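Just so it is clear, none of the values below were taken in a lab; they were calculated from the coordinates. Note that the structure is predicted; figures quoted are calculated from it, not measured. All Cβ positions, glycine included, derive from the backbone under ideal geometry; neighbour counts span all protein chains shown.
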Amino acid sequence: MIGAVLLVVLPFFGAFLLPLLHRHYPPVTYWAGPVVLISNLVIALGLWYGVSEVGPQSIIFGGFAAPLGITFYIDPLAVLFVMMLNAGCLVLWLGAWHRRLHEEILILLITGAGCGLMLSGDLFNLYVFFEIMAVASYGLAASRRHGPDSHAASLRFLLLGATASSLGLLGIALIYALTGTLNLSHLAILAPSTLHGPVGLAAFALLLIGFGVKAELFPLNTWVQEVYATSPPRISALLAGIVSKLALVVVLRLLLLLYSDTSAHLLLLTVGLLGLVSAELAAWRATDLRRVLAYSSVGQLSLMAIAFSIPGPAGVMAGIALGLHHALVKPALFLLTESWQARLHELRGLAWLCRCSAFAFVLLALSLIGVPPLPGFWAKFWLLQAGFAAGGWYQTALWIVLLSVIIETAYLLRITRLLFARQASPRFCEPPQRRNLAPVLLLGGVLMLVTLSVAPIGDGLRRIAQQTVDTGTYINYTLSAWQDDKSHWNSFPTRRLTP
Amino acid sequence: MLVEEAAWLYVFAYLGAIGLILLGLYGLVMSRHLIRMLLGLSLLEAGVNLFLIAAGYRPGGVAPILTEATRGLLMVDPIPQALVLTAIVIGVGVQALALALVIKVYQAYGTLDMDALTAHIAAVPVARSAPTSVSAEEASP
Amino acid sequence: MLFWIALSSVMLMLTAGVAMLLLDNYLAVVVASSVLSLALSVLFVVLQAPDVALAEAAVGAGLSGVILALTLRRVGLWRINVQPPAAVTKTSTEAKS
Amino acid sequence: MNLREFAGLIFLLGLGVLLIAVLTTLPYSNSLTGVGNNILAQAPAEVGTANIVTAVVLAYRGLDTLGELLILFVASTAVGMILSKAPGTASVTPPLSNTSTGFVFSAAASLLFPFLILLGSYVILHGHLTPGGGFQGGAILAAAFFIPILVSPASPFKHAVSSLLETVAGLVFIGIGLVALFGSGYFLAPLGHPGTPGALLSAGSLPFLYLAVGIKVGAELAGIVAHLAQP
C-alpha cells in the first residue's frame with residue numbers, strides 16, 4: 001500500500017520541485033501538473049481495485065504502531081473522493097489557457113493536502129492537512145491579476161478561516177485533554193465514556209466551526225459569495241465544486257467515529273437546515289449570476305450536511321451522491337458562465353445569440369433542481385428516502401428541504417426565462433471561451449453517462465455507504481497492532497514494527 | 001476540583017489561556033480595523049497554544065529531555081509540545097499571508113477599515129471588463 | 001518562587017493583550033505583542049516546555065513583531081506621534097497614481 | 001452596536017462560560033491513555049533522541065512536520081505571488097526608524113551576522129539533545145539574513161538563492177522519507193542506528209531531517225520578510 005503514501009507525497013514533491021524547474025525550463029508549468037495528477041489518478045485506481053478486492057487497508061507512518069504514530073485508513077469512501085479530487089483538478093487543468101507558476105503550485109498543494117485529508121486517521125494530522133488546503137485557498141482566492149477586490153475578499157476569507165481553525169484547534173486541545181490521544185480509532189473506542197457529554201459536544205461544535213468554514217456551513221459561509229464573485233471562475237469551480245466536499249467528508253468521519261450519539265447529529269442537522277434556508281433565500285434575492293451560483297453551492301452543501309446527519313448508511317449514500325453530483329454540475333456552470341454578463345437583467349435574450357451554451361446551462365440547472373431523469377433527481381430522491389426512513393426530526397426537516405427545492409426551482413427557472421426572453425436583445429454576447437469548452441463538454445458528457453447508468457452507480461454507492469458506516473472494521477484495521485489486548489488501554493504493547 | 005499540590009499552575013495556565021482566547025475573539029468581533037483584527041487573531045492563537053501546553057502539563061513533571069539529572073523522573077507529556085511547535089509556525093505563515101494582503105488592499109483602496117472593504121466587495125459586478133481584460137492579457141504571454 | 005513567576009507572567013501576558021487591543025500608538029502595539037510573547041514563553045518554561053518557549057520567543061517575539069512592523073511601515077501607520085485616523089489614510093487616487 | 005457585534009458578544013460570553021465550566025471537568029493530566037507515557041518510555045531506545053519532543057516531531061509525527069513545512073511554503077509562495085506583481089505602484093515608503101540608519105546599526109548588523117549563523121546552526125544541530133531544533137534555529141537563521149534588510153532596506157536580497165535553498169531542503173526532507181519508504185516500508189521512518197541518547201552523533205537520520213527543516217524554515221521566513229520589506 002505504498003501507493004497511498006505516494007498519493008500525498010507526489011504532489012508535494014512536484015510543488016517543491018516546480019519553482020526550481022521553472023527557473024531553468026519555463027514550459028514545465030504546462031505539463032508538470034497533469035503528469036502528477038494523472039499518476040495520482042492511476043495510483044488511486046490501483047487503490048480502488050485493491051480496496052474492492054481485499055477490503056479496507058491501513059498503513060502507518062514512521063513504523064510506529066497506530067495510537068503512537070500517524071495512520072492512514074484506505075476505504076472506498078476515501079478513495080472515491082480522492083479520485084474525484086484528482087479528476088476534478090485534471091478537468092480544470094484543461095481549462096487553463098495561460099498557466100502561472102504560483103497558481104499551479106497552489107493547486108498541486110491543494111491536491112496533495114486533499115488526498116491526505118481523505119486518508120488520514122489522526123485528528124491533528126487532519127488539522128494540518130486542512131490548514132494547507134485552507135492557506136492555499138486563501139492564496140488562490142487572491143490570484144486574480146487586476147483585482148484588488150479579490151484581495152479584499154481573500155482577506156476577509158482568511159480572517160474568518162483562520163479564526164475558525166484556531167477554534168477548531170481548541171476543540172482538538174479539549175479532546176486531547178479529555179482522552180490523551182489523537183488517533184481516530186483509539187478515540188472511537190474511548191468516545192462513549194469520555195466524549196458523549198456536554199464537554200465532548202462542545203469539542204464537536206468547535207471542530208464543526210473549524211471544518212465548517214471550508215464546508216460552507218451555516219454561520220461561517222459569508223465568504224462564499226464574496227470569493228466566488230471576485231475570483232476567476234476556474235478557482236471558484238475548484239473551491240466550490242471540489243474542495244468544499246472534502247471538509248464535509250471529514251465532518252462525516254468525525255461524526256461516525258467519535259460522535260455516534262444523537263445530539264451531535266441533531267446539531268449538524270440544525271446547521272444544515274439553517275444554511276439551506278438562508279442560502280436559497282439569498283440566492284433568490286441575488287441579482288448577480290456568480291452570487292446566485294455561490295449561494296446555490298452553499299445550499300447544495302447544506303443538503304449534503306443534512307444527508308450526513310441522518311444516521312445509517314442511507315443518509316451517507318445520499319450525501320455522497322449529492323456531493324458527487326454537485327462536483328459535476330457546479331464547476332461546469334462556473335466555467336460556462338465565465339464570459340456572460342454578471343448581472344441577471346443583462347442576460348435577457350441571451351439564448352438567441354449563443355444557443356448551445358444556453359441549452360447547456362438549462363440542462364445543468366435542471367439537474368441541479370432535480371428533474372427526474374437527471375442524476376440530481378436521484379440524489380435528492382435518496383435523501384428524501386433516507387430522511388423519511390429515519391423518522392422523528394428528520395421527517396420534519398424534509399418539509400423544509402422540499403420548500404427549499406421549490407425556491408431553488410423558482411430562481412433557476414427565472415434565470416432560464418430571462419435567457420429565453422424575446423423582447424429585448426442583449427448588447428453583446430460572447431460565446432464561452434474555447435478554453436472553457438473542453439471541461440464543460442467533458443463534465444456534461446459524464447453527467448449524461450451517469451444519467452444512463454443510474455442503477456449500477458446507485459448499487460455501488462450503497463456498498464460504499466455500507467462500508468463507511470462500518471466503524472468496527474475501521475477500528476480493527478487501524479489498531480491491528482494491539483487489538484489482541486483491548487482490555488488494557490494503559491498498557492498496550494507498543495512495538496516498533498519491522499517489515 | 002483541584003487537590004494537587006501544584007494545582008495553581010493549572011489554574012494560572014488555563015485561566016491565562018481562556019483570557020487570551022476571549023481577548024482575541026473580542027478584538028476580532030468588536031474591532032473594524034484590519035490590523036487590530038489580525039492582532040486579535042494572534043492573541044487567539046497564543047491562547048489556544050497555551051491551552052494545549054497546559055493540557056499536557058503534569059504536576060511535578062520535568063521537561064521531556066533525557067539527561068543524567070532527569071533519568072527516572074516523571075516527565076510532562078511531549079505530544080502537545082510537538083503540536084504547539086507546529087501550530088506556532090502555522091500561525092506565523094497565516095499572519096504573513098494576511099499582512100501581505102493588508103498591504104495590497106491598502107495600496108488599492110487606501111483604507112484599512114473592514115466595513116469599507118465589505119462595501120467594495122458588495123459592489124463587485126460593476127464592470128464586465130474584468131474577465132475579458134484578464135483573458136486578453138493572459139492570452140498573450 | 002515559581003508561583004510568583006507564573007502569576008506575574010500571566011498578569012503581564014493579559015495586560016499586554018489588553019494593551020494590544022486598546023493602544024492607539026502602533027509602535028507601542030508592536031512592543032506589547034513582543035512583551036506578550038516573551039511572557040508567554042516564560043510561562044512555557046514554567047510549564048516544562050522549553051522547546052515551545054524557544055520557538056515562541058524566536059518566532060512570536062522576534063519574527064512576528066518584525067513582519068508586523070514592516071507592514072505597518074508600508075501602510076503608513078509606523079509613526080511615533082499618534083494622528084487622527086482621517087489624516088493617516090490616504091485616498092485611493094493617490095494610491096493608484 | 002449592530003447585530004454582528006451583538007451576536008459576536010453573545011458567542012464570546014457563551015464560549016467563556018463554556019470554557020470555565022469545562023475546567024471543572026477536565027481530568028488534569030490523569031489521562032486515560034498511555035500514548036504520551038509510552039512515547040516517553042520508548043523514544044530514547046527506539047529513536048535515540050535525548051529530547052523526546054524532537055522524537056515526536058520528527059519520528060512519531062513526521063508527517064505533521066512535513067505538513068507544517070508545506071504551510072510555510074504555501075504562505076511564502078502566496079506572499080510572493082501577491083506582493084511581487086505590483087503593477088507600477090512603487091510607492092515611497094519611509095525607513096523603519098525616523099533617523100536614517102547610521103553606522104552603528106549597520107556595523108552591529110554585520111557583526112551580528114556570523115554569531116546568529118553560529119547560534120542558529122548550533123540550535124538546529126543540537127535539536128535532538130537539548131531544547132531547540134529546526135523551527136527555532138531556522139527562525140534564528142532567518143534573522144541573520146533579514147536583519148541587514150531592516151538596517152538598510154536597499155540591500156539586495158537574493159530570492160533566487162533562498163528559493164534554491166528552500167527547494168533543496170524540502171526535497172531532502174521528502175527524499176529521506178522516500179528512502180525510508182522504499183528501504184523499510186514506512187514513510188519517514190527513522191533510518192540508521194539510534195545510537196546512545198545524548199551523543200551528538202545519535203538518533204540516526206533525525207539530525208539531517210532537522211537540518212533540512214531548519215534550512216527550509218530559515219529560507220522561507222527570510223524570503224517572507226524580504227517580500228514584506230521591499231516594495
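Which trypsin sites (Lys or Arg not before Pro) in the range B:29-128 pass both tests, a DSSP loop state and at most 13 other beta-carbon atoms within 10 Å? Display every interim value, and only then the final one.
Values: sites: B:Arg32, B:Arg36, B:Arg71, B:Lys104, B:Arg128; in loops: B:Arg32, B:Arg71, B:Arg128.
Sites meeting the loop and neighbour criteria: B:Arg71.
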I'd like the chymotrypsin sites (Phe, Trp or Tyr not before Pro) in the range A:190-231 restricted to DSSP loop residues with at most 13 other Cβ atoms within 10 Å, sorted by number.
none
Counted charge near A:Ala386, where neighbours are those whose Cβ lies closer than 13 Å (Asp, Glu -1; Lys, Arg +1):
+2
Where does the charge balance sit around B:Leu20 when Lys and Arg score +1, Asp and Glu -1, over other residues with C-beta under 14 Å from its C-beta?
-2
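Is the shape of the range C:1-74 rounded, prolate or oblate, going by the alpha carbon gyration tensor and its root eigenvalues a ≥ b ≥ c, with a/c under 1.5 for rounded and a/b larger than b/c for prolate?
On the way: a/c = 4.30, a/b = 1.54, b/c = 2.78.
Note, shape of the range C:1-74 comes out oblate.
Remind me, relative contact order of the range A:261-452 in percent, using alpha carbon pairs under 8 angstrom and six or more residues apart? Spell out each step's value before the answer.
Numbers: 255 pairs, mean separation 54.9, N = 192.
Once divided by the residue count of the range A:261-452, the mean separation gives 29 percent.
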For the range A:31-108, state which chymotrypsin sites (Phe, Trp or Tyr not before Pro) are in a DSSP loop and have at most 14 other beta carbons lying within 10 Å of their beta carbon.
A:Trp97
Cα centroid separation, the range D:217-231 to the range D:132-181 (Å):
10
Work through the residues other than D:Glu166 whose Cβ is under 10 Å from its Cβ and net out their charges, Lys, Arg +1 and Asp, Glu -1.
0
Counting helices only, and only those DSSP H runs with n ≥ 4, report the 222 nm mean residue ellipticity of the protein assembly as shown as the sum of -39,500 (n - 2.57) divided by its residues, in deg cm²/dmol to the nearest 500.
-23500 deg cm²/dmol
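Please compute the average number of Cβ atoms from other chains found within 10 Å of each residue's Cβ in peptide A:7-19. Walk me through the numbers before you get to the answer.
Values: counts 0, 4, 8, 1, 1, 8, 6, 0, 6, 13, 4, 2, 9.
If you average over the peptide's residues, the count of other-chain Cβ atoms is 5.
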Please compute the alpha carbon radius of gyration of the range A:31-184, then divide it by the globular-protein estimate 2.2 N^0.38 Å. Two decimals is fine.
1.18
Once you order the gyration tensor axes a ≥ b ≥ c over the Cα atoms, which shape class does the range A:34-119 get: rounded for a/c under 1.5, otherwise prolate or oblate by comparing a/b with b/c?
oblate
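Quick test of the membrane-span-like rule: which DSSP H helices of chain D reach at least 20 Å along their long axis (C-alpha atoms) with mean Kyte hydropathy at least 1.0? Before the final figure, lay out each step's value.
On the way: long enough: D:3-23 (30 Å, 2.28); D:62-84 (32 Å, 1.62); D:103-125 (33 Å, 2.22); D:134-151 (25 Å, 1.92); D:159-184 (37 Å, 1.71); D:206-229 (34 Å, 1.57).
Once both thresholds are applied, what remains is D:3-23, D:62-84, D:103-125, D:134-151, D:159-184, D:206-229.
Rounded, prolate or oblate for chain D? Axes are the square roots of the Cα gyration tensor eigenvalues, ordered a ≥ b ≥ c, and the cut-off for rounded is a/c under 1.5. Write out the running numbers ahead of the final one.
Numbers: a/c = 1.95, a/b = 1.19, b/c = 1.64.
Oblate is the answer for chain D, as a/c is 1.5 or above yet b/c matches or exceeds a/b.
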For chain D, what's the relative contact order in percent, using C-alpha pairs closer than 8 Å and at least 6 residues apart?
27
